[in-house]
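These notes are about the structure you will find just below.
The values are calculated or read from the model by the stated rules, or taken from the named source; none is laboratory data. Treat the numbers as computed from the prediction; the structure is a model and nothing was measured. As a convention, Cβ positions derive from the backbone with ideal geometry for all residues, glycine included, and neighbour counts pool all protein chains shown.
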Ligand code: FES
Ligand code: FES
């Protein structure tokens with residue numbers, strides 16, 4: 001059985017006709033072709049499938065699309081671009097915080113939600129925010145370092161050259 005759903009993903013409105021049983025993760029990857037959001041455990045335990053819904057990290061593998069209609073969904077494809085990466089994407093690259101990269105989209109989006117809420121989180125706050133995102137490669141320290149570096153740069157506006165509230169950290173504008 002199929003149904004029509006309307007989703008706003010990365011500031012683009014989509015109307016889709018999809019099977020009722022499909023999760024948000026499956027719709028994002030298979031119907032929208034946005035494969036940056038990763039299939040991991042599909043049990044809500046690894047964080048690989050994280051997207052932001054109205055700015056809050058959500059596990060798309062255990063979310064039904066109908067429940068996020070009318071909300072703004074951000075996937076890694078909307079977080080930055082090759083020409084204008086988000087400061088977190090830059091710092092992850094510079095510090096080697098991504099190795100195989102499978103956890104990285106979820107790590108980046110969860111980190112973005114944290115920095116949007118708190119400009120200068122402590123190391124413990126970063127650890128707590130990322131506690132639901134599992135990485136098998138890095139040992140986490142480089143990830144924590146990269147979040148702190150991005151936070152410093154965003155605070156100083158090294159990322160955009162703007163001042164005050166003009167900094168959007170590279171996010172694709174609405
Ligand atoms: S794939 Fe969703 S939490 Fe692991
Ligand atoms: S970089 Fe490989 S799982 Fe995190």
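Taking the residues in segment 124-134 that are out of contact with any helix residue (DSSP H, G or I) (no Cβ under 8 Å at 6 or more places or on another chain) and part of a loop (DSSP other than H, G, I, E, B) as candidates, determine which candidate is farthest from ligand 1 (Cβ to nearest atom). If we take residues in segment 124-134 being out of contact with any helix residue (DSSP H, G or I) (no Cβ under 8 Å at 6 or more places or on another chain) and part of a loop (DSSP other than H, G, I, E, B), then 131 is farthest from ligand 1 (Cβ to nearest atom).
Every residue, every condition in (1) farther than 28 Å from residue 14 by Cβ; (2) touching a residue at least 60 places away in the same chain (Cβ under 8 Å), yes or no:
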residue: 64; (1), (2): no, no
residue: 77; (1), (2): no, yes
residue: 82; (1), (2): no, no
residue: 90; (1), (2): yes, yes
residue: 108; (1), (2): no, no
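Taking the criterion of being more than 14 Å from ligand 2 (Cβ to nearest atom) and surrounded by 15 or more Cβ atoms within 10 Å (Cβ to Cβ), the residues of segment 100-144 that qualify are 112, 113, 114, 115, 116, 121, 126, 129. For segment 38-57, the set of residues classified as within 25 Å of residue 4 (Cβ to Cβ) and surrounded by 21 or more Cβ atoms within 10 Å (Cβ to Cβ) consists of 49, 51, 52, listed by residue number. Within segment 42-57, the set of residues being within 10 Å of residue 24 (Cα to Cα) and away from ligand 2 (no atom under 16 Å from the Cβ) comprises 51 only.
Condition test on residue 42, is it outside any strand (DSSP E or B) and free of Cβ contacts under 8 Å to residues at least 12 places away in the same chain? Talk me through it step by step, then tell me what you get.
On the way: outside any strand (DSSP E or B): yes; free of Cβ contacts under 8 Å to residues at least 12 places away in the same chain: no.
In short, no.
Being crowded, with 21+ Cβ neighbours inside 10 Å, at pLDDT 95 or above, in a strand (DSSP E or B) and within 15 Å of ligand 1 (Cβ to nearest atom) is the requirement here; does residue 27 meet it? Spelling it out, it is not the case that residue 27 is crowded, with 21+ Cβ neighbours inside 10 Å, at pLDDT 95 or above, in a strand (DSSP E or B) and within 15 Å of ligand 1 (Cβ to nearest atom).
Looking for something in contact with a strand residue (DSSP E or B) (Cβ under 8 Å, 6 or more places away or on another chain), over 18 Å from residue 107 (Cα atoms) and in contact (Cβ under 8 Å) with a residue 60 or more places away in the chain - is there at least one such residue anywhere in segment 10-25? Yes, because at least one residue in segment 10-25 is in contact with a strand residue (DSSP E or B) (Cβ under 8 Å, 6 or more places away or on another chain), over 18 Å from residue 107 (Cα atoms) and in contact (Cβ under 8 Å) with a residue 60 or more places away in the chain.
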